[in-house]
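What follows is calculated from the coordinates using simple rules that are stated; it is not laboratory data. Just so it is clear, the structure is predicted and the values come from calculations on it, not from any experiment. Positions of Cβ are backbone-derived with ideal geometry, glycine not excepted, and every protein chain shown enters the neighbour counts.
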Amino acid sequence: MYTNSLLKSLSETEKARRISEQVRKRGLSPLLPLPNSGGKPLFLTCSFICGSLFSILSIFLSANIVNAQTRVTISVSNPGQIKVDAELSTRIRSWSFRNAYAGVLGIGERIEDFRAADADVRKAAVGEYRSERESSRISYTVKLSKPTLADVSHLTWLTDDRGVLMLADLLPTEVSSFSATFVLPEGWTVESSSPRDANGRYEVAEAEKAVFCIGKALRKSSTTVQGMPLDIVLSGNWPFKERDASERATKVMERYLALTGFRLRDKSVIVIAPLPIGDAKTSWKAETRGSTLVLLINPDAGFKFWKSQLTVIFTHEVLHLWVPNSLKLEGDYDWFFEGFTMYTALRTALDLGVIDFKEYLATLGRVYDQYRAHPDTLSLIEESERRWASSGSPVYLKGMLVAFLYDLLVRKESGGQRTLADSYRDLFSGRLADSADGNTAIISVLGSTPVSRSFIKTYVENSTEVDLNKVLPAYGMSVLFTGKGSQLRVEGDLNPDQKQLLRSLGYQD
Ligand SMILES: [Zn+2]
């Protein structure tokens, strides 16, 4: 059951990939095995795409001519339809809407009835509007079809009871910073990480990162985690309360504050809502954009261990609030912010006691099996560049295994003085220049000694396959290939150094 559902999920991803290979950047929703909790498999679904936003953002910024004086009114009256009225700070004669994003094509087709005051607007292409005369007042309708598994994490959606508005696909790309007002059905409220003024207007600094949750009966719990504001917003009925989710998120945030030494500046918002699609194979989907984590859980998923499940999801997604969202790096370094995040999330789940050391090794064994199911011919950097067109999720799988091997190497080389975790503090030490190339910056941090530099060259810059059976014996471990998959084991005759290293990982002999 476990393997079958996993394979089915991956084949769904494969299908989705073929549809949008022509799109340079797209979302990915791989299902990856993460720790069991109380014998129940937990899965990590990461639809995270912030990394690709950086390169897109830099293009938009250069074309951006509309500033915070822009006022936008977003009205929701009918399900599946949003009306937008905007008073732009500058008169312009060209308006462009995002048309392809995260593997979803034709997004611009949702824009209807586009008008600009005092101007004759013509539609130049899907999502592209032009006029001979300039105008600063525009209005249009966004027709939203039923969300699908491919787009629900990445795009605005709306149902009878609630919705998640991702302003990057609701506004022309010329608009970045603005203030927004919402006109909602009676009884509906709005929640966001953007600050709200006394008049109920939300100040948005970057449309690319802006996410608004709307709906009726939204419940919110606000707290501060060591100086970092956190809102938990729940929509729908769940067997846990806001404070349960808040407690779990708090524990994870505390860990990542300690890991990075960096205090998040903006308020973080975690939205938990029902997955608005009935799909028995999908337990949940999540995306962390800017300061907002949207977690959509299938109400029929039948989780028995809610708190552990939430913790496991948070160990991955909450780290994205830091990496890469709080790093001002550019380029495709997905191997690090997805693959190393996978491994760091696993370590964090172990540290928090959600899993034990046995499960830590079992998870790595499952990841190794998935990694070996596809040929590995490219370097991690190359895989990151073509992340959305490759099969087998190498950025996640190989990235995670390389993070594991790196952690082992650093622990051994430093005699237990350093671990991979120390690199996160280096990343946030302030020595990386804004807009630096992500790969160069990360490699300089990870490869700070000749040995670690050589490791990174081998496994990140060059296309070297991960062969655990070749590498692990030096650390007192091996891989046993069984009918149920690869099992990582600790050998019986450990030398004192191996014993010390494995104990530092959580092994108890
Ligand atoms: Zn992720």
Practice task
Using only alpha carbons, build the gyration tensor for segment 373-509 and give me the equivalent ellipsoid semi-axes, biggest first, whole Å.
Solution key: 27, 22, 11
Handout entry: Degrees separating the helix 50-63 axis from the principal Cα axis of the chain, which is the longest one
Key = 40
Handout entry: Nonlocal amide H pairs with S176, under 5 Å, H built at 1.01 Å
Key = V66
Fill in the blank from the handout: Phi-derived 3J(HN,Hα) across segment 498-509 with the Karplus relation (6.51, -1.76, 1.60, θ = phi - 60°), rounded Hz, x for Gly and Pro, is 4, 4, 5, 5, 5, 5, 5, 7, x, 6, 10, 8
Practice task
Just the number, please: Stokes-Einstein D of segment 396-453 in µm²/s, Kirkwood Rh from C-alpha pairs, 25 °C, 0.890 mPa s.
Solution key: 203
Completion exercise
Percent antiparallel among DSSP beta bridges confined to the chain, rounded to 5, stands at 80
Completion exercise
So the angle from the long Cα axis of helix 242-260 to the longest Cα principal axis of the chain, reported in degrees to the nearest 10, equals 60
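Sorted by average packing, counted as other Cβ atoms within 10 angstrom per residue and highest first, what order do 249-255, 415-421 take?
Result, highest mean Cβ count within 10 Å first: 249-255, 415-421.
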Completion exercise
Relative to the chain, whose Cα atoms define the longest principal axis, helix 357-372 and its Cα axis are tilted in degrees, nearest 10, by 70
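Between A474 and A433, take the C-beta separation as r, use R0 = 25 Å, and let me know the FRET efficiency to the nearest 0.05. Walk me through the intermediate numbers first.
Numbers: r = 36 Å, r/R0 = 1.45.
Calculated transfer efficiency: 0.10.
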Exercise for the section: Starting from the alpha-carbon convex hull of segment 236-300, give the projected area averaged over all orientations, in nm². Expected result: 5.2
Completion exercise
Scaled by the rule-of-thumb 2.2 N^0.38 Å, the alpha carbon Rg for segment 87-245 gives a ratio of 1.16
Problem - Over the chain, equivalent-ellipsoid semi-axes from the Cα gyration tensor in Å - result: 41, 24, 21
Exercise for the section: Classify segment 201-355 as rounded, prolate or oblate from the Cα gyration tensor: take a ≥ b ≥ c as the square roots of its eigenvalues, call it rounded if a/c is under 1.5, otherwise prolate when a/b beats b/c and oblate if not. Expected result: rounded
Handout entry: Protection proxy ranking of 191-197, 118-124 - average other beta-carbon atoms within 10 Å, highest first
Key = 191-197, 118-124
Exercise for the section: With label points built 7 Å along Cα→Cβ from the Cα atoms of S414 and T181, find their separation and express it in nm. Expected result: 5.4
Fill in the blank from the handout: Under 5 Å from the placed amide H of V225, counting only residues 5+ away or on other chains, we find L230
Handout entry: Residue-by-residue Karplus 3J(HN,Hα) for segment 421-429, coefficients 6.51, -1.76, 1.60, Hz, glycine and proline x
Key = 3, 5, 5, 5, 5, 4, 4, 9, 6
Fill in the blank from the handout: Rounded to the nearest 5, the percent of antiparallel DSSP beta bridges in segment 224-312 equals 40
Problem - Backbone HN-Hα couplings from phi across segment 462-479 [Karplus 6.51/-1.76/1.60, Hz, Gly and Pro as x] - result: 9, 9, 9, 5, 8, 10, 4, 5, 7, 8, 5, x, 4, 9, x, 10, 8, 10
Completion exercise
Given backbone amide H placed at 1.01 Å from N, residues whose amide H is under 5 Å from that of V271, ignoring those fewer than 5 places away on the same chain, are V233, L293, V294, L295
